[in-house]
1. Check every one of the helices (runs of 4 or more DSSP H) wholly within region 80-174 and list those with 1 or more residues that are modelled with pLDDT of 65 or more and surrounded by 18 or more Cβ atoms within 10 Å (Cβ to Cβ).
2. Which one is nearest to the chain's Cα centre (by Cα), of the residues in region 199-218 that are surrounded by fewer than 23 Cβ atoms within 10 Å (Cβ to Cβ) and touching a residue at least 60 places away in the same chain (Cβ under 8 Å)?
3. Restrict the check to region 219-242 and report whether at least one residue is at pLDDT 80 or above and under 20 Å from the mean Cα position of the chain (by Cα).
4. Taking the options 177, 190, name whichever one is crowded, with 21+ Cβ neighbours inside 10 Å and modelled with pLDDT of 85 or more.
5. Listed residues 247, 276; which is at pLDDT 70 or above and closer than 30 Å to residue 102 by Cβ?
């Protein structure tokens, strides 16, 4: 079978996966919870904008909400409701692999997780934009609301840190693009890890490990480093460095990057590191699948 045929059959497998997800109630539960998460995260921003009768740049609520590690983690855990369904290891999936090939099946899984990860990120972006409709504008400049946030550090800590780091160094469009790429890349990393462990061991093991990675990533934040290592406030920068370089979740956090005046990882370093690791996991999945195959379970009602 030629490479072109493999990729064509891979797209068929991906289309079948996506069609089955549209029949799965978890998809709509995931979308509902994602929208509610955006509502909870943008509520204070909208309240401040209405209180002082100021507009916000249309992408600012998304940036202020998802430039923070906790928000990214919560959004990822919501998506895990859907990602735990992938890859399908039921009888119809076994038949699909038999009719196509192992390579085509794996290519289909790759296309599926890429589509789901990008689609989910875009959905969160659109949800944030919809929730702030009526008080937004499209200009590529930071708003007056961004300036007001600098006077409310207690209630808008994340937004304040974003403003301090980026308002003079970037634009809303550029910042939004990087936040979307970082979130999508973190999701793809988790998807690649889950796929590899499913092929290598089992889906139960894969889900357990991915959830463990999320928990460990949540624990590897500067505040907890300072508590464990018994550091004072003067050592906060060291804790930031350790957390930023070791935690995949911190790599997905926009404000934990170097913007020209510290030793945190630069954005391109994160893209190279996380992208390379994700590709290696997909390649390892292909090697294991070719050598050992995969164990399939019984039927699935979402066909």
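The values are calculated or read from the model by the stated rules, or taken from the named source; none is laboratory data. Remember, it's a predicted structure, so these values are computed and weren't measured experimentally. Cβ coordinates were reconstructed from backbone atoms using ideal geometry, including for glycine residues, and neighbour counts include every protein chain displayed.
1. By residue number, 91-99, 102-131, 144-149.
2. The extreme case among them is 214.
3. No.
4. Only one candidate qualifies: 190.
5. Answer to the check: 276.
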